[in-house]
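Shown next, in structure tokens, is the structure this report addresses.
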Amino acid sequence: MTSSLIRGRPRHATGHIAVRVGHAVLGGVAGVVWLVLPVMTSVTQDPVPVAGGGTVAAAQAADGASPTDYVLPLVAVAAAGALGGYGYVRRIRRARSRTTPGVLSPAPPAPTPADVERQARTSLVLADDCVRTSREALGYVHGATSAERALRAAETELTAAFAIWRRYEEGVPGDDAGRRQALVGVVGRCAEAGRQLDAEAAGFDAAWDAGDALAEAEGRFRQLAGRTGGVAAALAGAGERYGAAAVGPVVGHVEQAKDRLVFATSRLNQARQDADSGDGDGFRRGVRAAEGAVAQAGVLLGGVERLAEELRTAAALVPAALTGAEAELAGLRGTALPPRLAHADAVLAGVRGQVTGGPYDPLDALRRVVRAVEGTGGGRAGVIAAGAGLVARSALGVADDFVGTHRAAVGAEARALLAAAGRAAPADADRLARRAWELAERDVRAHGNPFTGEGGHGSGVAGAVLGGVLLGEEGDGGPVVAFGGPESRGRLG
């Protein structure tokens, strides 16, 4: 059965037409009554004599009615018919020229594949930000067991979402319907991660209120402020010993850490004032903003210290790696791999020249040795495996630190590669992490810094916004980002 809505005419249209026809019939009946009315009156009553009768008066007397008696009824009939016909024609035209607006609203257009892909990217970034912020916040709270479980559940969902996205980028699945469903899965996983964190936001707040948050934040602040000078000296020493390229991934970290600590100082001072004045909301905002800034300062300073230690470890490992690599290549002589062996020999010779020639980047040298041996199908020696693991851990640490402290500008691609690196074997992990770091740096350069004006200059607000400590929705940096998912992370506004 075909619906009247589909045919383009509402069901009550027939009723309107009947009303119009009824009006016309009623008008006709009225006209007939008017026509016979003079006859009815001529039977019951003598005509009124008219002065100056003549022939006209005689005709009127003979017929019982005058010509004017017929004019008004005819006009009434014509008017009624015209009105009924006009209404009928107008209704038909309207029904044919429209598709019943007001009865059915047009359905919104279905999202395009590009729309769904953009939504998936946005969901990944938001979920990753929520997980990172919640992890930092939990570092200041003791006994928040439910919040810790929620964070682990959210991390599991986020890992699955990144895995689906990674396969999607690699072209799996290949059909359009399957790819759309994969994107829907990414969005759903991210939404579930956020829901887990949102559900425990109130519990986290209760655990946070139960502790001495101000004392905890101030203690960590003082400890980091005391480390800053030593970390700067360690960075300078590593640069002199191993060259500028070796410390390139952490150049600027000390200055950024100081910037975060400047911001933390101002927020801790404001929190003390708010506590004295009884402003509980202001106190919470100040302390939690300081916590986020101090946590990121710790990441930045820790990254410098970790890289300096990794460079020392790699420098000690390079000679043994060279010896182990040469032994493995010797066992492959005579096989059908002469081009690969020749390339590996050239790489090892180049590394030996760097080691004996002066300052060099031991992590990069170790990476080259590992890749040269792996290119021949080797790499089973223990020292080569140890070198591969060290190189991968270093690349992962550098990339993760950068993404975490610049999260407001880093997009989904870099984060997805970083997540994939965390699940990969050492050789692939190193490659993926280094690519993630490159993409993250590109994103930050493209993003720029909108908080370099009067509102952010010299106060640390710019760095706090770039690092995701503040949401950046207002000139002063906006709400503080707290433990939670998309619905609760900005509650400290």
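The values are calculated or read from the model by the stated rules, or taken from the named source; none is laboratory data. This structure is a prediction, so every number in the text was calculated from the model and none was measured. Glycine also receives a Cβ, built like all others from the backbone with ideal geometry; neighbour counts cover every protein chain displayed. What goes into the accessible areas is simple: the full protein's heavy atoms, side chains included, and nothing from ligands, DNA or RNA. Shrake-Rupley method; radii C 1.70, N 1.55, O 1.52, S 1.80 Å.
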Exercise. Do we find a residue being farther than 16 Å from ALA225 by Cβ, small (Gly, Ala, Ser) and surrounded by fewer than 22 Cβ atoms within 10 Å (Cβ to Cβ) anywhere in the stretch 253-273?
Worked result: no
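Whether any residue in the stretch 118-129 is modelled with pLDDT of 95 or more, over 20 Å from the mean Cα position of the chain (by Cα) and open to solvent by less than 40 Å² (accessible area, probe 1.4 Å) is what I want to check. Let's see the steps before the verdict.
Restricting attention to the stretch 118-129, the residues satisfying the condition of being modelled with pLDDT of 95 or more are 118-129.
Retained after the next criterion (residues that are over 20 Å from the mean Cα position of the chain (by Cα)): none.
No: zero hits.
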Problem set entry | Of all residues making up the stretch 354-410, the number that are of a type in the set (Lys, Arg) and touching a residue at least 60 places away in the same chain (Cβ under 8 Å) | 3
Problem set entry | Residue check for ALA234: touching a Leu at 6+ places or on another chain (Cβ under 9 Å) and either among the hydroxyl-bearing types (Ser, Thr, Tyr) or open to solvent by less than 50 Å² (accessible area, probe 1.4 Å) (or both) | no
Exercise. Which of the residues that make up the stretch 475-493 are more than 18 Å from ALA295 (Cβ to Cβ) and either in contact with a Phe, Trp or Tyr (Cβ under 7 Å, 6 or more places away or on another chain) or open to solvent by less than 10 Å² (accessible area, probe 1.4 Å) (or both)?
Worked result: GLY485
Problem set entry | Residue selected from the stretch 133-148 under the condition surrounded by fewer than 20 Cβ atoms within 10 Å (Cβ to Cβ) and touching a residue at least 12 places away in the same chain (Cβ under 8 Å), by the criterion farthest from GLU216 (Cα to Cα) | SER146
Exercise. Is it fair to say ALA462 is buried (at least 21 other Cβ atoms within 10 Å of the Cβ) and modelled with pLDDT under 95?
Worked result: yes
Exercise. In the list GLY331, GLY375, GLY353, GLY422, which residue meets the criterion of being surrounded by fewer than 22 Cβ atoms within 10 Å (Cβ to Cβ) and within 30 Å of ALA127 (Cβ to Cβ)?
Worked result: GLY422
Seminar exercise, completed: Filtering the stretch 425-436 down to residues that are buried (at least 24 other Cβ atoms within 10 Å of the Cβ) and farther than 14 Å from ARG368 by Cα yields LEU432, ALA433, ALA436
Exercise. If we scan the stretch 279-293, do we find a residue that is open to solvent by 10 Å² or more (accessible area, probe 1.4 Å), touching a Ser or Thr at 6+ places or on another chain (Cβ under 8 Å) and not polar (S, T, N, Q)?
Worked result: yes
